[in-house]
Amino acid sequence: MSRPASLRTRLAALVGLGAALALGACSSSGGADAGSDGGSGGDLIRVGFSQLGAESGWRTANTESVKASLTEENGFDLNFVDAQQKQENQIKALRDFVAQDVDVIAFSPVIETGWDEVLQEIKDSGIPVVLVDRTVETSVEDPFVTWIGADFEQEGRTAGEWVAENAPDAKVFELQGTLGSGAQVDREKGFNEVVGDQVIGRASGNFTRAEGRTAVEAALQAYPEMDLIFTHNDDMGLGAIEAIEAAGKVPGQDIQIVSVDGVRDGLQALVDKKFNFVVECNPVFGDQLAELITKVANGEDVPETTIVEDKSFDQTITQAEVDARPY
């Protein structure tokens, strides 16, 4: 899968620099003794991981996957911090990781901008950075070694292609995620490249079920003609179901719902015919992250980007498939 143009722009500066930065970080970080092989010889790789929050079922599954992989048994000493969806909390955590002189810093940024100062501080410390799930826009040169996550823009494009084929005349309300986040920016871009002329209104539900419901309650009043919702994640879509039903309408029929995530509750809504189409954003890639971090800590070459494989689902999904999902 090729990554989208916007992601290419953010990551272009990494070409050929990942290995050099990782090597420099290994030599300058005080987290491991000189000559340490990053865990394989008995020393643990000390990792500071800042998760952006626990706003959704997807995020919870991602956190569980990270924690299950970055264990002492697997060679890691993990310092995990939940930023509670606040950038200031995340910046504090990143500075704490620098003060602790960890071997590798990994984080999922709350939003794309506002990281210049702390990223420069991390770079000056010589600690390599691995971006997880979301990306950043920064003026800092070579701010991170590698990035792992989903192709958000393609997810939006896949959702748009389903709408173009199955509801070409639909009047679409776009239920956006946290404004300024990589997921919101890229999913909106991909979707609107395909069916942007069908979008009659937009509002943010901040990736949460409660705010998704509130946004759709307002949209039902502002856009009474809407008959399809594109939601940037399942939790907001589940809140949309509540709002639609409270208004006396039938979700999946009177108002179709196209979502991104693929968590169990979202796919259950698909089985129940309340969602119409779901594009997966796979959160379970802790094992791949662990492999990347190990290579970075050991000064090995790493790819500039790792795209996590996603699928998509329609109402032909069975209950057995949903029950078998790991998240």
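The values are calculated or read from the model by the stated rules, or taken from the named source; none is laboratory data. Since this is a predicted model, take the numbers as computed values, not measurements. A quick note on method: Cβ atoms are made from the backbone with ideal geometry, for glycine too, and the neighbour counts reach across all protein chains shown. Note: areas computed on protein heavy atoms with side chains; ligands, DNA, RNA excluded. Shrake-Rupley method; radii C 1.70, N 1.55, O 1.52, S 1.80 Å.
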From the residues VAL129, ILE105, ALA210, which one has its Cα farthest along the dipole of the chain in the positive direction, the dipole being from +1 and -1 charges on Cβ of Lys/Arg and Asp/Glu about the Cα centre? ALA210
What lysines sit close enough to LYS171 to cross-link, taking a C-alpha to C-alpha distance under 18 Å and skipping anything fewer than 8 places away on the same chain? LYS189, LYS249, LYS274
Solvent-accessible area per residue, Å², over the chain with all protein chains present [probe radius 1.4 Å]: 39 Å²
Under a 10 Å cutoff between Cα atoms, tell me which one of GLY177, GLY53, GLY262 has the largest fluctuation in the Gaussian network model of the chain. GLY53
Each label sits 7 Å from Cα toward the beta-carbon; between SER312 and ALA247 the label points are separated, in nm, by 2.5 nm
So what is the relative contact order for the range 36-118, in percent, with contacts set as C-alpha pairs under 8 Å and at least six apart? 40 percent
Packing-based order for 189-197, 165-173, 147-155, using average beta carbon neighbours within 10 Å, highest first: 147-155, 189-197, 165-173
Choose one answer from GLY156, GLY299, GLY212: the residue with the largest mean-square fluctuation in a GNM of the chain with alpha-carbon springs under 10 Å. GLY299
Taking a quarter of the surface of the Cα convex hull of the chain, what do you get in nm²? 15.8 nm²
May I ask you to compute the full-extension gain from ASP96 to GLU291, defined as 0.36 nm times their residue separation minus their alpha-carbon distance, rounded to one decimal in nm? 67.8 nm
Just add up the charged neighbours of ASN282: K/R +1, D/E -1, any other residue whose Cβ is under 10 Å from the Cβ of ASN282. -3
Restricted to the chain, the DSSP antiparallel beta bridge percent, nearest 5, is 5 percent
Residue by residue through the range 214-230, which ³J(HN,Hα) values in whole Hz follow from phi under the Karplus form 6.51 cos²θ - 1.76 cosθ + 1.60 (θ = phi - 60°), with glycine and proline marked x? 4, 5, 6, 4, 5, 5, 4, 7, 7, 10, x, 7, 5, 9, 8, 10, 9
Using Cα pairs closer than 8 Å and at least 6 residues apart in sequence, work out the relative contact order for the chain, in percent. 20 percent
With DNA, RNA and ligands ignored, accessible area of ASP254 (1.4 Å probe; Å², nearest 10): 80 Å²
Rounded to the nearest 20 debye, what is the charge dipole size of the chain about its Cα centre when +1 sits on each Lys and Arg Cβ and -1 on each Asp and Glu Cβ? 440 debye
